[in-house]
Amino acid sequence: MVKCNTCGGTYEPVLPDGMEYYHACPPLAGHEITAGLEAGTVRLTRKQRDALDAAIDLDARVPVEGDAPTREALALAAIVIERPNRRDENVTPHRDGERARSRIKAEGAGVVDVPADV
Amino acid sequence: MPPELGAAGSVLVGASRGVYVANDDNIRLTVFNALAGVTVTLAGRFQHTDGRVEPFEHRIVPTADRVASIITRRLAHGWIVDLHVYVNAGAPLTGQTFAIVSLVRGQGGGIVELATLAAGYVTAAQRLALPGSVIGNTLEGGGALRSITGTTPAAGAEILETVPAGARWELLTLRAILVTAVAAANRFPRFTFDDGAAVFFATPAGPAQVASLTYGYNVASGLPTAAYDAVASISVTIPRTLLLGAGARIRSVTAALQGADQWSAPQFLVREWIEGA
């Protein structure tokens, strides 16, 4: 088993059925976006900023009822910001004459071997 | 030499017995393969212009990334009497190894593809044959049934799975478990499907999952949307036939996901075909 040094996800590079598995880091989760905005490490596009601000404003003016999700939480979850230095093991097909020489799309921070029960 | 294959007669008899191969023609085997450890064999019989019938055999160890692996081999002047293609190492399912046999002119650069002789999925037991087999398409048939364990995300991270390059999936089921931490918040998980950029389907969110709970999310077609049973199992419906091309992504999107919440590795059942593009 390996652990991705970028996102911390763990996986088997070869699955029990013998097929290769290609890991890709997920986008930032909502709480990671919030933390990144506060730390100045995440920047939103204008469209994303407008949508988030509108959600926050509406939550303040018309609070959601019961256990419904806040509009801010929904807006944050809908924002897709790719993880910095993401790893993407999916291949880019490439041919050198008759030889297939695929390359992974992004190395990211690499991986490290970990015990299977981690 | 068989009496019907005299020097002059062999030209007339040979012309009706197989695929004519000129001096500059070569045979090419192209394999798209998704399983490691596979060897594909192309074997058959070749009749020379002097009437001799000689067996031939060529092997290729294709890559396992669904990218075309190719060998081109010289033939003599004569006729391909018959040939077949099969897997002689590894155990791919139908849908994981696709072979194309063609006649080409040239061997290095500037190859001209002249004819497709055979094309189809092969396994150790299922063979491609000339004469006999039809010219197949990679998207035909039921595909290979696969149960895939994805990545276990780090705490606080979402699930992301990507359809590999060269593959086409039909998602049958997906199951993932969310264990919420002690932090007070109502989490609302859903699943989205995008083409790598634009979301083309998003499941509805189920009931709120509050702190310190373990809910299993079962995604399949024909389920009641976001049903909840006594054992914390949430059903989530998807379209009946959800086909996903290479690069399409399956993601969890959880409103109010907390930093210590933990998604399990998704376990999903798919039908997979080689795209063959």
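The values are calculated or read from the model by the stated rules, or taken from the named source; none is laboratory data. Predicted, not measured: the structure shown is a model, and the values here were computed from it. When we count neighbours, we look across all protein chains shown, and the Cβ atoms used for this are built from the backbone with ideal geometry, even at glycine. Remember, those area values only see protein heavy atoms, side chains included, never the ligands or the DNA or RNA. Shrake-Rupley method; radii C 1.70, N 1.55, O 1.52, S 1.80 Å.
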B:Ile159 being within 9 Å of another protein chain (Cβ to nearest Cβ), surrounded by fewer than 21 Cβ atoms within 10 Å (Cβ to Cβ) and either within 28 Å of A:Ala24 (Cβ to Cβ) or in contact with a Leu (Cβ under 7 Å, 6 or more places away or on another chain) (or both):
no
Checking the structure you have, find out if any residue of the range B:67-77 is at pLDDT 95 or above and more than 14 Å from chain A (Cβ to nearest Cβ).
no
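Got a sec? Which of B:Ile177, B:Ile135 is open to solvent by 40 Å² or more (accessible area, probe 1.4 Å), closer than 30 Å to B:Ala255 by Cβ and either touching a Gly at 6+ places or on another chain (Cβ under 7 Å) or without any contact (Cβ under 8 Å) to a residue 60 or more places away in the chain (or both)?
One residue alone meets the criteria, B:Ile177.
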When the residues of the range B:138-151 are narrowed to those that are among the β-branched types (Val, Ile, Thr) and buried (at least 20 other Cβ atoms within 10 Å of the Cβ), which ends up modelled with the lowest pLDDT?
B:Thr138
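Conditions (1) aromatic (Phe, Trp, Tyr); (2) under 25 Å from the mean Cα position of the chain (by Cα), marked per residue:
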{"residue": "B:Phe56", "(1), (2)": "yes, no"}
{"residue": "B:Ile70", "(1), (2)": "no, yes"}
{"residue": "B:Arg74", "(1), (2)": "no, no"}
{"residue": "B:Ile80", "(1), (2)": "no, no"}
{"residue": "B:Leu83", "(1), (2)": "no, yes"}
{"residue": "B:Asn88", "(1), (2)": "no, yes"}
{"residue": "B:Pro92", "(1), (2)": "no, yes"}
{"residue": "B:Thr97", "(1), (2)": "no, yes"}
{"residue": "B:Val112", "(1), (2)": "no, no"}
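Are there helices (runs of 4 or more DSSP H) fully within the range A:5-118 with at least 1 residues that are free of Cβ contacts under 8 Å to residues at least 60 places away in the same chain and closer than 22 Å to B:Val270 by Cβ? List them.
Passing ranges: none, list empty.
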Looking for whichever is more than 31 Å from the chain's Cα centre (by Cα) and open to solvent by less than 60 Å² (accessible area, probe 1.4 Å) here; the options are B:Gly206, B:Gly245, B:Gly216. Which one fits?
B:Gly206
Have a look at B:Ala176, B:Ala181 and point out the one that is farther than 30 Å from B:Pro92 by Cα, among the small types (Gly, Ala, Ser) and at pLDDT 95 or above.
B:Ala181
In a strand (DSSP E or B), under 30 Å from B:Leu139 (Cα atoms) and of a type in the set (Lys, Arg): does that describe B:Arg271?
yes
Considering each of A:Glu72, A:Glu12, A:Glu98 in turn, give the residue that is of a type in the set (Asp, Glu) and modelled with pLDDT of 95 or more.
A:Glu12
Being under 16 Å from B:Trp263 (Cβ atoms), touching a strand residue (DSSP E or B) at 6+ places or on another chain (Cβ under 8 Å) and among the small types (Gly, Ala, Ser) is the filter here, so list the residues in the range B:173-226 that pass it.
B:Ala176, B:Ala181, B:Ala205, B:Gly206, B:Gly216
If we ask which residues in the range B:182-197 are more than 24 Å from the chain's Cα centre (by Cα), within 12 Å of chain A (Cβ to nearest Cβ) and surrounded by fewer than 19 Cβ atoms within 10 Å (Cβ to Cβ), their number turns out to be 2
Here are A:Thr92, A:Thr10, A:Thr70: which of them is at the interface with chain B (Cβ under 8 Å from one of its Cβ atoms) and more than 23 Å from B:Ser252 (Cβ to Cβ)?
A:Thr92
Would you tally the residues in the range B:31-58 being within 14 Å of another protein chain (Cβ to nearest Cβ) and free of Cβ contacts under 8 Å to residues at least 40 places away in the same chain?
1
If you take the residues in the range B:163-174 that are within 13 Å of chain A (Cβ to nearest Cβ) and closer than 17 Å to B:Ile238 by Cβ, which one is surrounded by the most Cβ atoms within 10 Å (Cβ to Cβ)?
B:Val163
Name the pairs: first residue in the range B:250-270 and hydroxyl-bearing (Ser, Thr, Tyr), second residue open to solvent by less than 10 Å² (accessible area, probe 1.4 Å) and not in a strand (DSSP E or B), Cβ to Cβ under 6 Å, at least 6 apart or on different chains?
B:Ser252/B:Ile159
Can you say whether B:Thr116 is open to solvent by 60 Å² or more (accessible area, probe 1.4 Å), of a type in the set (Ser, Thr, Tyr) and over 19 Å from the mean Cα position of the chain (by Cα), as far as the supplied structure shows?
yes
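Does the range B:231-242 contain any residue that is in contact with a helix residue (DSSP H, G or I) (Cβ under 8 Å, 6 or more places away or on another chain) and either open to solvent by 30 Å² or more (accessible area, probe 1.4 Å) or more than 30 Å from B:Gly142 (Cβ to Cβ) (or both)?
Checking the range B:231-242: not a single residue is in contact with a helix residue (DSSP H, G or I) (Cβ under 8 Å, 6 or more places away or on another chain) and either open to solvent by 30 Å² or more (accessible area, probe 1.4 Å) or more than 30 Å from B:Gly142 (Cβ to Cβ) (or both).
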Would you confirm whether or not the range A:52-59 contains a residue that is under 18 Å from A:Glu38 (Cα atoms), open to solvent by 60 Å² or more (accessible area, probe 1.4 Å) and at pLDDT 90 or above?
yes
